[in-house]
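See structure below.
The values are calculated or read from the model by the stated rules, or taken from the named source; none is laboratory data. As the structure is a computational prediction, the values presented were derived from the model and not from experiment. When we count neighbours, we look across all protein chains shown, and the Cβ atoms used for this are built from the backbone with ideal geometry, even at glycine. Just the protein is used for accessible areas: all its heavy atoms, side chains included, with ligands, DNA and RNA removed. Shrake-Rupley method; radii C 1.70, N 1.55, O 1.52, S 1.80 Å.
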Amino acid sequence: MTSFNHMQQEAKEIFAANGWPNKRNEDWHYTDLSARLPSSFQNQSLELSEDVRLDKLTCDIEDALQLDFINGLLTEVEELPDGLEISALIDHPELVQQSDEDVTDPLLYANLAHLETGIVIDVSQVIEEPMEIHFHNTSSEEASFVRIVFRLAEGASLTLLESHSGWGHTQLVSDVYQHEDSMLRHLRLHQAEDTQVSLLLNRVSLDARAQYHNVAISLSGGLGRLETRVTFNAPGSHAGLATALLSRGKQHIDITTRLNHLSADTTSDTVARTILDDEACGIFQGKVIVHQDAQRVEATQKSDALMLSADAMMNVKPELEIYADDVACAHGSAIGEIDHEALFFLRSRGIGEEAARIMLVEGFVSEILGRLDDFAAGAVLQENLLKRVATFLKKSA
Amino acid sequence: MSQAKQNIEKETVEKVQSLAGEKYKYGFSTDIDSEKAPKGLNEDIIRFISAKKEEPEWLLEWRLDAFERWLTMSEPEWAMVDYPQIDYQDLYYYSAPKSMDDRPETLDEVDPELLRTYEKLGIPLYEQEVLAGVKNRVAVDAVFDSVSVATTFREELATAGVIFCSFSEAVKEHPELVKKYLGTVVPKSDNYFTALNSAVFSDGSFVYIPPNTRCPMELSTYFRINEPNTGQFERTLLIADKGSYVSYLEGCTAPMRDENQLHAAVVELVALEDAEIKYSTVQNWYPGDEEGRGGIYNFVTKRGDCRENNAKISWTQVETGSAITWKYPSCILRGDNTVGEFYSIAIGNNYQQIDSGTKMIHLGKNTSSRIISKGISAGKSSNAYRGQVSIHRKADKARNFTQCDSLLIGDTCSAHTVPYIETKNPSAILEHEATTSKISDDQLFYCQQRGLDAEEAVSLIVNGFCKDVLQHLPMEFAVEAQKLVGISLEGSVG
């Protein structure tokens, strides 16, 4: 077994040689990191200041488990309930060992090369209390490199509420291994300062009948890439990915999904709603791959974008790569501005223009928030997020 | 799964297997002496081609410049096609039937061997002359290998002021037009294959429609690749001046060969104010045998420029042949209120690989584009739609609708969709839809319970699948196109 240090050394060499990906890399066609990111990062401060105030996404449940990563370092961990265990990734080098394909994956080698904190979370049963994970950088000098591996045993389930705030640079790789009949509900809120760089990669591997539900809301941040890759290994597995992206200023946010249907009788469903104001640039790249033996796969992908400003920019690339014949795969994409007739309708009912606009935009993202219905404390979360969306829109207006 | 359906699938597989080779009725080659340049590509070959065609100095310079650029470029690798490395030095870049030196005045003087070839092809060239007085006739500029050998209806077109001739003739007789428009839509160094074509293009068609003229007939060119190991590099330049209209048909068949033949054509369309160009293609080159041996490599760059206001360019293509198709007929919507259209049927069987689609570049205000692409994969083929819709900052109220559907027949083929949608203008409305599926059980059942047998039902559904595109073909082409779709499709679906 290759040691962890050896692998990290290797990753450092690859990063030194290849650096960040540029436009020539088709996966990074619309998000050229080499032009935007430094090639090296300073040593991170190991002391945490006391007065960090976190703008956390909370479900207001007292028993909720809390994990805080400040500047890439995990703060104190409370007592864990039965069925939940946390261990250090350094003791599990096998979980880091990368496949050949991944050696060239910039997000992975960059993460490993700079890794500060790596943990493994084992879930062996149904956990009722949601787990809140928060990432925060205290200054623009800070860079966080974190990797978390989730392992859900057969029949286990977990609700994960992940949020990001602060400045600097955050790079997170979450690897999720879900065994038979397991269920992970994953809410991700990305709301950071305008200068923040967030590169968030989710890799999910699903066994038979495993279900992964992801709802991602991105409200701000400077440069962001929210990437989710799901591999369907056995029949009955399902992934639902819903993303709402609200962006303004000079933000550049990239939503990338890659759904790899290796097995027959698997399903996936991707929805993305993008709202762009000012000079923001939004990107949706979605790819569905159905392998030759993966018959009876149903995969749908939908991307809609609303452009609020003349200087905003939207790039969409929804791909299908199909090698099996008995499938039903579809993708749809629509881009446009606010419907003037709908606006007129609301105004003719006595609603002010600004309020009418906000109402229409809220309606546009409500489908994404609606996906939280099945989450623990779903209603509280919806209310919380809707407030954030409204604040965002008021600032925009 | 019902018994009947299982039978269909079994039949499908068998039919697909039996279809290859023997059904390719256009597979033969004609033995005509041809004059060739030596193998390989260098400046001397380019000078040879240019001298052979008695070209002016500026065109030779143009070719040499393209060649220089080509040397610095590398073959594109992004398309979903896989083929052995092409040795560009192992190809002939010029070949002309010998009897070209004294150009025949009438069809009687045409090499009888050539006439027989056309006869086998079913090109009614001889018949055309007989039918000269008939309305809606088709003028044929037949390209045999690299040089146009017979052009009909020239005079008739000339009365209307329409120039329709081979490219080399245009260089001699209308150098000012060629010089003004050549390379303005597809620059020499646009991509690897255009640079190659610009350096060594042999011949092709030239069309000029004068202002406010409706071309009195459908213009048509039949291309044919005949010499083994001869790359054919056509260059088509079509200009529709203000307020004119032209419908241009392009159809291709090729003899059966064991070696791969390279084909890298460039088509440039220019539509000025209020002009409309309708460009239709039926492409049925030899696709290779059932083992994937042989077949044409078809790397084509086609682009239309709606250069002035209210212009319209419409591409319609039925792609059933070639081992490899790499082709993206595109529209640059530069003028205000311009319209671009792309209708495509691409059918792949056996080991055919197709990577085709379009680009719609919206630059002007109120521009609109429409893309309908139907991909059908059978056998072990791979069929990819690759398209780009790009709305630039000043393209207010631009509109695009894209629909790309794929139908899979059998479990060893593949279908891919790779659209790029980019907008920098909020007032643009873009819609994109794509589906991939096999023939639905519900549709089959519905047809069968209405009394159709399984085979008829499948063929009905498949024909319906293509209808959106077929109906955009001009009358003259519809028969041939439907026949081709029929051969490729009915055989493969039962």
Starting from residues that are among the basic types (K, R) and touching a residue at least 40 places away in the same chain (Cβ under 8 Å), keep the ones in the stretch B:303-326 and report whichever is least open to solvent (accessible area, probe 1.4 Å). B:R303
Would the stretch B:450-459 turn up any residue that is within 14 Å of chain A (Cβ to nearest Cβ) and either open to solvent by less than 30 Å² (accessible area, probe 1.4 Å) or assigned to a loop (DSSP other than H, G, I, E, B) (or both)? yes
Can you tell me how many residues in the stretch B:172-210 are under 14 Å from B:L237 (Cα atoms), in a loop (DSSP other than H, G, I, E, B) and touching a helix residue (DSSP H, G or I) at 6+ places or on another chain (Cβ under 6 Å)? 4
A:D265: charged (D, E, K, R), more than 11 Å from chain B (Cβ to nearest Cβ) and not in a strand (DSSP E or B), yes or no? yes
Out of B:G340, B:G335, sole residue that is over 23 Å from B:H432 (Cα atoms), small (G, A, S) and open to solvent by less than 10 Å² (accessible area, probe 1.4 Å): B:G335
Within 13 Å of chain A (Cβ to nearest Cβ), buried (at least 20 other Cβ atoms within 10 Å of the Cβ) and free of Cβ contacts under 8 Å to residues at least 24 places away in the same chain: does that describe B:P419? no
From the list B:S414, B:S437, which one is at the interface with chain A (Cβ under 7 Å from one of its Cβ atoms), hydroxyl-bearing (S, T, Y) and open to solvent by less than 30 Å² (accessible area, probe 1.4 Å)? B:S414
If I ask for residues that are more than 7 Å from chain B (Cβ to nearest Cβ) and either touching a Cys at 6+ places or on another chain (Cβ under 7 Å) or farther than 29 Å from A:T257 by Cβ (or both), which ones from the stretch A:321-341 would you list? A:H340, A:E341
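The rows are residues; the columns are (1) touching a helix residue (DSSP H, G or I) at 6+ places or on another chain (Cβ under 9 Å); (2) open to solvent by 40 Å² or more (accessible area, probe 1.4 Å); (3) basic (K, R); (4) touching a residue at least 60 places away in the same chain (Cβ under 8 Å).
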position: A:Q97; (1), (2), (3), (4): yes, yes, no, yes
position: A:Y109; (1), (2), (3), (4): yes, no, no, yes
position: A:I121; (1), (2), (3), (4): no, no, no, no
position: A:D175; (1), (2), (3), (4): yes, no, no, yes
Being within 30 Å of A:D339 (Cα to Cα), within 12 Å of another protein chain (Cβ to nearest Cβ), buried (at least 23 other Cβ atoms within 10 Å of the Cβ) and in contact with an Asp or Glu (Cβ under 9 Å, 6 or more places away or on another chain) narrows A:V297, A:V290, A:V316 down to just A:V316
Name, by its number, the condition in (1) open to solvent by 10 Å² or more (accessible area, probe 1.4 Å); (2) part of a strand (DSSP E or B) that does not hold for A:Y212. (1)
